[in-house]
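Beneath this line is the structure, given in structure tokens, with notes to follow.
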Amino acid sequence: MQCPHIKVTVVDISAHRISQWNSEKLPIYEPGLDDIVKKRRNVNLFFSTNIEEAIQEADLIFISVNTPTKTFGVGKGRAADLMYVENCARTIAQVSTSDKIVVEKSTVPVRAAESILKILSANHKPNVKFQVLSNPEFLSEGVAVENLLNADRVLIGHEETADGLWAFKELSKVYLNWIPEEKILRTNTWSSELTKLGANAFLAQRISSINSLSVMCEVTGADVSEVAKGIGLDSRIGPKFLQASVGFGGSCFQKDLLNLVYICECLNIPQVAVYWQQVLDMNDYQKSRFSNKIIESLFNTVTGKRITMFGFAFKKDTGDTRESPAIHVAKTLLDEGANLNIYDPKVEPEQIKKDLTHPYVTDNPENVIKSIEIHNDPYTAADSTHAIVICTEWDEFVNLDYEKIYERMIKPAFIFDGRKILNHEVLATIGFQVHTIGKR
Ligand code: UDX
């Protein structure tokens with residue numbers, strides 16, 4: 001959109017993915033993205049599975065593959081798995097016939113740029129030179145296009161050599177088409193990589209900090225919304241990311257924190273590892289607390305009861321469910337023998353089934369499938385259920401007709417607002433038993 005003079009080719013080994021990107025229905029939902037893709041596709045934006053050709057043609061190559069948490073071997077459950085990044089680097093080295101600037105976009109642990117460069121240098125063809133830059137992604141899902149157009153900053157880390165500086169300037173030229181120069185931050189590759197992990201750790205820490213206070217509020221009678229407002233008005237602290245909730249989810253925070261903790265342990269600084277681990281522990285505690293509150297309030301048993309879940313995505317305006325707190329809540333309720341009616345405006349039913357039958361969640365997938373119903377209407381989802389549990393802060397949940405919903409439910413009808421988005425006084429007047437986070 002901002003660079004009509006640049007040809008961008010997006011390649012993926014999955015032919016299915018690429019065909020989705022070339023179709024009417026894109027594989028992900030992101031506000032504003034459809035419009036951009038439809039305007040630029042086959043003009044200067046191409047989606048292809050011909051990886052070799054795309055590498056050969058390119059001057060700049062962005063590596064944007066996933067770096068999941070390792071599920072086996074050393075660092076299992078915590079270290080980032082760099083297998084896909086490494087494979088990319090090897091392919092680039094193999095096929096390139098001209099000089100390339102390789103940009104590391106995936107969130108990868110500190111020193112990954114160095115590993116990529118080692119692989120490239122050890123395998124390159126004669127007369128082909130590589131420069132590796134670190135250019136971490138700070139997009140939030142749901143507002144990714146907006147974040148991209150109005151980025152707070154663009155961080156580019158480069159090798160501290162003349163060629164490194166040249167590569168930095170080449171990548172800057174791309175961003176300068178829409179980002180003012182003072183927002184482009186130049187660092188060494190190590191700083192750039194650690195900044196990405198650090199920024200996510202700080203954001204997650206704010207949520208865990210306010211969630212820790214939400215626990216105190218529930219015990220003492222303070223109201224966490226009032227407390228958060230008072231804290232956030234301090235200009236040194238600021239108001240953002242202080243919304244107490246059922247806990248944070250998403251593909252980044254947990255993964256990056258686990259990775260940060262693991263790196264600290266490898267660097268033999270256990271004190272720092274424990275410090276950041278606590279942010280994760282607080283999040284697990286918050287998710288469990290909320291689930292347990294539902295069970296306790298429903299007279300200590302949910303066995304055989306039907307409960308409605310509003311929202312399954314890890315936050316609003318996305319269909320992404322990775323590390324969604326809704327999975328934790330659903331698992332706890334299913335383990336206790338509850339039946340669930342689930343409604344989310346953007347998450348595909350197949351995805352919900354996949355998440356809830358995953359081996360981490362259950363060892364009895366057939367039983368889970370029997371216990372859940374996925375609805376495409378919030379009113380039918382609430383029919384003859386004992387409780388509504390709000391797990392995602394979708395705007396549409398605020399304006400539902402709760403009188404109509406109340407009539408359809410079994411009494412006493414409960415609402416557990418895990419996102420603090422509803423008007424609790426109005427709900428109580430209708431007759432609901434209302435429970436929320438950070439308020440007695
Ligand atoms: C995050 C970072 O914000 C982004 O910079 C990075 O590039 C990727 O990771 P994302 O995972 O898309 O982005 O979502 P984000 O908006 O940060 O929210 C993460 C989680 O925290 C969500 O589950 C959200 O609901 C929760 N959250 C956020 C709260 O519970 N309270 C808040 O005040 C803010």
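Can you find a residue that is more than 26 Å from Val279 (Cβ to Cβ) and at pLDDT below 95 anywhere in region 169-187? No: zero hits. Filtered by the rule that a residue be open to solvent by 80 Å² or more (accessible area, probe 1.4 Å) and either modelled with pLDDT of 95 or more or closer than 18 Å to Ser14 by Cβ (or both), region 50-82 gives Glu52, Glu53, Gln56, Glu57, Asp59, Phe62, Ser64, Asn66. Within region 142-199, the set of residues being open to solvent by less than 20 Å² (accessible area, probe 1.4 Å) and of a type in the set (D, E, K, R) comprises Glu193, Lys196.
Taking the numbered list (1) of a type in the set (Val, Ile, Thr); (2) closer than 30 Å to Val227 by Cα; (3) open to solvent by less than 60 Å² (accessible area, probe 1.4 Å) in turn, Thr429 passes all entries but (3). When the criteria are applied in full, Val132 fails the requirement of being within 30 Å of Gly32 (Cα to Cα) and more than 23 Å from the chain's Cα centre (by Cα). Residues that are over 30 Å from Gln94 (Cα atoms) and open to solvent by 50 Å² or more (accessible area, probe 1.4 Å) do not occur anywhere in region 11-21.
Listed here are the residues, each with its yes/no results for (1) in contact with a strand residue (DSSP E or B) (Cβ under 9 Å, 6 or more places away or on another chain); (2) basic (Lys, Arg); (3) surrounded by fewer than 19 Cβ atoms within 10 Å (Cβ to Cβ).
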{"residue": "Glu86", "(1), (2), (3)": "no, no, yes"}
{"residue": "Ala93", "(1), (2), (3)": "yes, no, no"}
{"residue": "Val110", "(1), (2), (3)": "no, no, no"}
{"residue": "Ile116", "(1), (2), (3)": "yes, no, no"}
{"residue": "Asn123", "(1), (2), (3)": "no, no, yes"}
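When region 292-327 is filtered for residues that are over 25 Å from Asp377 (Cβ atoms) and in a helix (DSSP H, G or I), the ones remaining, listed by number, are Asn292, Lys293, Ile295, Glu296, Ser297.
Scanning region 38-74 for residues that are within 22 Å of Lys118 (Cα to Cα) and touching a helix residue (DSSP H, G or I) at 6+ places or on another chain (Cβ under 8 Å) yields Ile51, Glu52, Ile55, Gln56, Asp59, Leu60, Ile61, Ile63, Val65, Asn66, Thr67, Pro68. Test Lys293 against the stated conditions and say whether it is at pLDDT 95 or above, of a type in the set (Lys, Arg), over 14 Å from Gly77 (Cβ atoms) and within 16 Å of the ligand (Cβ to nearest atom). When the stated conditions are applied, Lys293 does not pass them.
Number of residues in region 83-121 that are within 18 Å of Lys70 (Cα to Cα), among the β-branched types (Val, Ile, Thr) and assigned to a helix (DSSP H, G or I): the value is 1.
Would you be able to say whether some residue in region 260-282 is modelled with pLDDT under 95 and of a type in the set (Ser, Thr, Tyr)? Yes, that holds for at least one residue.
Yes/no per residue for (1) in a helix (DSSP H, G or I); (2) touching a strand residue (DSSP E or B) at 6+ places or on another chain (Cβ under 6 Å); (3) in contact (Cβ under 8 Å) with a residue 40 or more places away in the chain:
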site	(1), (2), (3)
Ser225	yes, no, yes
Ser235	no, no, no
Ser245	no, no, yes
Ser251	no, no, yes
Leu257	yes, no, yes
Trp276	yes, no, yes
Asn283	yes, no, yes
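Name the single residue, out of those in region 122-173 being among the aromatic types (Phe, Trp, Tyr) and not in a helix (DSSP H, G or I), that is farthest from the ligand (Cβ to nearest atom). The extreme case among them is Phe130.
Condition check: closer than 27 Å to Gln205 by Cβ, more than 10 Å from the ligand (Cβ to nearest atom) and open to solvent by 30 Å² or more (accessible area, probe 1.4 Å). Does Lys305 satisfy that? Answer is no for this residue.
Scanning region 366-382 for residues that are in a loop (DSSP other than H, G, I, E, B) and open to solvent by 60 Å² or more (accessible area, probe 1.4 Å) gives a single hit, Asn376. Screening Phe241, Phe248, Phe253, Phe202 for residues that are more than 30 Å from Lys169 (Cα to Cα), under 17 Å from the mean Cα position of the chain (by Cα) and open to solvent by 50 Å² or more (accessible area, probe 1.4 Å) leaves exactly one candidate, Phe241. Of everything in region 36-49 that's outside any loop (DSSP other than H, G, I, E, B) and open to solvent by 80 Å² or more (accessible area, probe 1.4 Å), which residue is farthest from Lys173 (Cα to Cα)? My answer is Lys38.
The values are calculated or read from the model by the stated rules, or taken from the named source; none is laboratory data. Values in this document were obtained by computation on a predicted structure and should not be read as measured data. Positions of Cβ are generated from backbone atoms using ideal geometry, with glycine treated the same way; all protein chains shown enter the neighbour counts. Note: accessible area is taken over every heavy atom of the protein model, side chains too, but ligands, DNA and RNA are not part of it. Shrake-Rupley method; radii C 1.70, N 1.55, O 1.52, S 1.80 Å.
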